[in-house]
Amino acid sequence: MLQNTYRIRNICAVVNAIHSCRSKFIGKKHYKVAVNFLQTRTKKDDSSLSSLFVPIQIKPNSDDIDVGYELTGSLNKSDLLKVLSKFYQRKEIKQLLTDNGLDNYLQHQAYVSFRRYCLEAQSLPADIHVVFSDILQGSGNVTDMYPYFLRHAKMMFPHLDCMDDLKKISDLRSPANWYPQARAINRRIIFHAGPTNSGKTYHALERFITAKSGVYCGPLKLLANEVFNKTNSRGTPCDLVTGEERNFADPSGNASFHVSCTVEMTSVTNSYEVAVIDEIQMIKDPQRGWAWTRALLGTTAEEIHLCGEPGAVDLIRQICLTTGEDLEVRNYKRLTALKVEDTAVGSLENVLPGDCIVCFSKNDIYSVSRGIEATGKEVAVIYGGLPPGTKLAQAAKFNDPDNSCKILVATDAIGMGLNLSIRRVIFYSLIKPALNEKGEREMDTISVSSALQIAGRAGRYGTQWEKGSVTTFKAEDLSTLKTLLSSKPPPLTQAGLHPTAEQIELYAYHLPNSSLSNLMDIFVNLSTVDDSLYFMCQTEDFKFLADMIQHVPLPLRGRYLFCCAPINKKMPFVCTMFLKFARQYSKNELITFDWLCRNIGWPLQPPRTIIDLVHLEAVFDVLDLYLWLSYRFMDLFNEAHLVRDMQRELDQIIQQGIVQLTRLLKNSETVISSGTAIADDEEFAMHRQKQSYLRGPKASLGKGRLTERLLAQGILTPNMLQELKKEWNKNNGISPDNKNNDSEENNWKKMYRKRKTK
């Protein structure tokens, strides 16, 4: 009885709702009323944008009670298909849908879904069922189904109800207003403009060091570390902050008034007397430019000192107009002479002490290094993939007047971040891979800016080579180089921007079913920027990582942070470990030292081929990634101190490989490899190295005799040691007095393993 009463009430409510709805939409006479009633959003006919919105699959709710059937009976599905087709062909329907934000692409997607929904559902909602029944019986008009179709379309595409909000969120036309704390003070902006080796950064840093408080924002970890060391050596306590490291001048961990950091780590909440933003021309960089824009607009400091190329002055001046600040420009000239030679080098035999050959590919680095060493000359090698310690060691080796190494082979990584005593820069080639506007890599001649930056490294004030020169390796490149060096870099026209985590979170609130990569695509396409000053930075690397971990269950903010990790997507091993890190984090499981050792194949052997060396560089990047994540997810990546010790040892191993680069190349030709897997009998070594880390900072891997380490760790006792010695000597016929045994440590190691397996 109660069930029947409940059913009757539901039927009455549905009938009243249907009559109320139909009264607004029956017949052509009331179409204008319908337009006014339903039109709520502005139209946007852009199929390329619409294709970014992933439709949500609409499934009918299963209900034991088919109210529509009880009211009007069953529907003939073939007749219903004809009615649906007739509805979709009506021009006025298409126009009304367009007025409500559905372009042709969205209309077609919605129609296909609505048709499938109506024809395949076992039971339709009562209101739709009754309307269809009336139309099929001739008492209704096909236009009566419009509100139900629109409702279905909005369920498929939630953005139709929030497009205005999405556009407001992605309105980036006034980025200066994002930093009210910086806008609240009257900042003094000083631009130190000049070429390489002109002293511009020196003068800015002098003001930084003598200020009461300050922040240095550099493009590279090496530069930040150099300023950190220099400032502390001058007696001004300074902290170091990079994506992977926090180093405090105060041993107790109290923050200093001065900070040297990479530009991405610049704080826009702390206040300083002086801020130095180095290499400001990188504000145009298609990947990282947003970091310089953020530092320029958001740093809260009384004085902002910018260092960079003169070509950036006009853009910075225009940006300062939007903040209401004046720009003071100080121009500098090169301190030492730079001569462009009239002849090319032509042969590696003509390379002289103090020369630096600049290559733009690893293959060229390898072949040139091998060719020079074949002439009997020693070579130092520097390229971007090397650990910082290895770069510094190679630079020190080349700079040392007493060292036999007098020639440097490097990539454009020498353009900034290293102090090098170079007599002559030799461009091995002038062609370099570059990103076009679409984010695609293509080969092109290096820019005027790059040519000047690299060539300017020749001849350094205060070194043995104060007068520098520059030339090419190939004769056909010399005229091109002269043209590049005689030109001025084109003025910068735009600064980079990038969506913040908060903006993407707001997008996710409105579009909860969209993936992070999809949200980024929609944001970039809907964003509005002031094209006269800004551009949207490339997000391809971000989306690549987002797609890689899309299947991993992560909260949005955590997912966003993971995708901001600085990863070279061309290195498969690093990408694999990135995915493993994300999976481990999603399961709320600690990423421990032991787990990391198992997954990277620790301990690692010195490289025997170039492939081994490249793999070790990838492992170093994985450790860098761990450290980067450890400062953002401290609860699960909580063994950073051990990983940093691993990095130091791995840096030493890579340095050994770089010193023996020619031998690695020869071994590569004969396919000799050390491999990367850990054999079972090396478990002892892994355990030994972990224990060495756990002993504290005084413990150093790879140093000291094995017996001493085993005794210190409590694995062996003095009595056990004496027994092992006696047993070994007895088995091998060695006199107890014979202490001169070169393989003593290896023998005891084997004996320990044998006893352990028993």
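The values are calculated or read from the model by the stated rules, or taken from the named source; none is laboratory data. Predicted model only: the values in this text are computed from it and were never measured. With ideal geometry, Cβ positions are generated from the backbone for all residues, glycine too; neighbour counts draw on all protein chains shown. In case anyone asks, the SASA skips ligands and DNA or RNA and just uses the protein heavy atoms, side chains included. Shrake-Rupley method; radii C 1.70, N 1.55, O 1.52, S 1.80 Å.
Structure summary
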{"item": "Cut-off under 5 Å, modelled amide H: who pairs with Arg188 long-range", "result": "Glu303, Ile304"}
{"item": "Three-way shape call for the stretch 365-436 based on the alpha-carbon gyration tensor, with the a/c threshold at 1.5", "result": "oblate"}
{"item": "Placed amide H near Gly384: partners under 5 Å, 5+ positions off or other chain", "result": "Thr411, Ala413"}
{"item": "Estimated vicinal HN-Hα couplings, Hz - the stretch 577-585 in sequence order (Karplus 6.51, -1.76, 1.60; Gly, Pro = x)", "result": "5, 4, 5, 5, 4, 5, 5, 4, 5"}
{"item": "J(HN,Hα) series, the stretch 631-641, from Karplus relation 6.51 cos²θ - 1.76 cosθ + 1.60, nearest Hz, glycine and proline x", "result": "8, 10, 9, 5, 5, 9, 9, 10, 10, 5, 5"}
{"item": "Derived scalar couplings ³J(HN,Hα) [the stretch 129-139; Karplus, 6.51 cos²θ - 1.76 cosθ + 1.60; whole Hz; x for Gly, Pro]", "result": "4, 5, 5, 4, 4, 4, 5, 5, 8, x, 9"}
{"item": "Cross-link table Lys377/Lys488; Lys333/Lys482; Lys333/Lys362; Lys543/Lys587, entries beyond 27 Å C-alpha to C-alpha", "result": "Lys377/Lys488; Lys333/Lys362"}
{"item": "Accessible surface of the stretch 432-577 [probe 1.4 Å, protein heavy atoms]: carbon and sulfur percent", "result": "52"}
{"item": "Estimated FRET transfer efficiency when R0 is 41 angstrom, pair Lys467-Lys570 (beta carbons, to 0.05)", "result": "0.55"}
{"item": "Mean accessible surface per residue for the stretch 472-556, computed with a 1.4 Å probe while every protein chain stays in place, in Å²", "result": "45"}
{"item": "Highest average packing first - 196-207, 85-96, Cβ atoms within 10 Å", "result": "196-207, 85-96"}
{"item": "When each of Lys432/Lys580; Lys221/Lys284; Lys230/Lys666 is checked by Cα-Cα distance, pairs over 30 Å", "result": "Lys432/Lys580; Lys230/Lys666"}
{"item": "Point-to-point label distance, Lys82-Ile431, nm (Cα→Cβ direction, 7 Å offset)", "result": "6.7"}
{"item": "Calculated FRET value between Asn525 and Gln181, using beta carbons and R₀ = 45 Å, to 0.05", "result": "0.90"}
{"item": "Rounded, prolate or oblate (a/c below 1.5 giving rounded, otherwise prolate when a/b exceeds b/c) for the stretch 217-344 by Cα gyration tensor", "result": "oblate"}
{"item": "Accessible area per residue, Å², the stretch 211-348 with all protein chains present, probe 1.4 Å", "result": "41"}
{"item": "In Å², nearest 10: area of Lys167 left accessible to a 1.4 Å probe", "result": "70"}
{"item": "Three-way shape label, the stretch 402-549, alpha-carbon gyration tensor, a/c 1.5", "result": "prolate"}
{"item": "Pairwise centroid distance, computed over Cα atoms, of the stretch 567-644 with the stretch 170-197, Å", "result": "37"}
{"item": "Accessible area (Å², 1.4 Å probe, nearest 10) - Cys217", "result": "0"}
{"item": "Solvent-accessible surface (1.4 angstrom probe) belonging to Tyr560, in square angstrom, nearest 10", "result": "20"}
{"item": "Amide H contacts of Phe427 (H built 1.01 Å from N, under 5 Å, at least 5 apart or other chain)", "result": "Val358, Thr471, Thr472, Phe473"}
{"item": "FRET efficiency, His641 to Trp595 (Cβ-Cβ, R0 22 Å, nearest 0.05)", "result": "0.90"}
